[in-house]
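Data first, discussion second: the structure below is written as structure tokens.
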């Protein structure tokens, strides 16, 4: 079975090895009957977020969900005796651009929500938990990685936030050669120029939605002018909503093509699968990977509290020496 099982005659079929099922459609007795050493649970944690005037606010969920479906199929192909459960989406996120429809949450809220989601699964014996994500916000990516690490440590399971490593490699242009191989051609000069700084609702995301949900893309995308940013711009809150035409996109949507979306999706599935395969191997002790963002102290959720503690300690030291 390589597709998500659908209810037959109003009832969900009994889960069997080699099947892909939606978690919310199963009874707890069906779940408890599974060999949870051979079950992978996937769920997506990405915000509803503005994506310009031409894309739906669910863009990140749609793209991550598509990758999840393909990864689930890869798991069953590689482990036909296993079962895959696709859990409900968690549609909140940190580091999101805030307009109508954006479900913006604090970083600690995202971390705690994903941690509790994973912990609820781990407490009942699910040992392989994959968090999918289509949102590139730095603090969002780190929040997911912190949550996965916390659950893995506490419950001795393998909870892995998959997409952060891939998304940031993609946005930094590290997959350009692989994309050209998948396309079967070189990028045009216009496409190559657009690759630089195409980070939000630009050529790539518009191409993905043209592939996955073309009816949700406004035809106006073909007339949108390129919108670029400098690194200093990214320090401003909601910077895509302050640049150019202030329509909340960064990149060149007008160059979008379903062909590019298909190449990007295939690349994402391949790159994610390369990270997931070691997670499913109990003998592999080096399965855990994190994005480079995870290693930046000021992006960690505890940083404000650590900084405050250091400041208070320094103030106390100064007062002590001044008094004495």
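The values are calculated or read from the model by the stated rules, or taken from the named source; none is laboratory data. Everything numeric in this text was worked out from a predicted model, so none of it was measured. So basically every Cβ, Gly included, is an ideal-geometry build from the backbone, and we count neighbours across all protein chains shown.
Being modelled with pLDDT of 95 or more and touching a strand residue (DSSP E or B) at 6+ places or on another chain (Cβ under 6 Å) is true for just one of 129, 182. Which residue is that?
Every option except 129 fails the conditions.
Pull up the range 80-107, narrow it to residues that are more than 15 Å from residue 44 (Cα to Cα) and surrounded by fewer than 17 Cβ atoms within 10 Å (Cβ to Cβ), then point me to the one that is nearest to the chain's Cα centre (by Cα).
The extreme case among them is 106.
Looking at (1) within 13 Å of residue 257 (Cβ to Cβ); (2) modelled with pLDDT under 95; (3) buried (at least 19 other Cβ atoms within 10 Å of the Cβ); (4) out of contact with any strand residue (DSSP E or B) (no Cβ under 8 Å at 6 or more places or on another chain), which is the only condition residue 190 fails?
(3)
Looking for something over 23 Å from residue 94 (Cα atoms) and either crowded, with 18+ Cβ neighbours inside 10 Å or modelled with pLDDT of 95 or more (or both) - is there at least one such residue anywhere in the range 157-174?
Looking through the range 157-174, at least one residue is over 23 Å from residue 94 (Cα atoms) and either crowded, with 18+ Cβ neighbours inside 10 Å or modelled with pLDDT of 95 or more (or both).
Quick check on my filter: what residues within the range 240-256 are more than 28 Å from residue 69 (Cβ to Cβ) and at pLDDT below 90?
Hits for the range 240-256 are 240, 241, 242, 243, 244, 245, 246, 247.
Rundown of residues vs (1) in contact with a helix residue (DSSP H, G or I) (Cβ under 8 Å, 6 or more places away or on another chain); (2) modelled with pLDDT under 60, yes/no style:
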| position | (1), (2) |
| --- | --- |
| 258 | yes, no |
| 262 | yes, no |
| 272 | yes, no |
| 285 | no, no |
| 291 | yes, no |
| 303 | yes, yes |
| 317 | no, yes |
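Has the range 219-239 got any residue that is surrounded by 10 or more Cβ atoms within 10 Å (Cβ to Cβ), touching a strand residue (DSSP E or B) at 6+ places or on another chain (Cβ under 6 Å), assigned to a helix (DSSP H, G or I) and at pLDDT 95 or above?
no
Is it the case that residue 88 is closer than 23 Å to residue 113 by Cα and in contact with a helix residue (DSSP H, G or I) (Cβ under 7 Å, 6 or more places away or on another chain)?
Judged against the criteria, residue 88 is a match.
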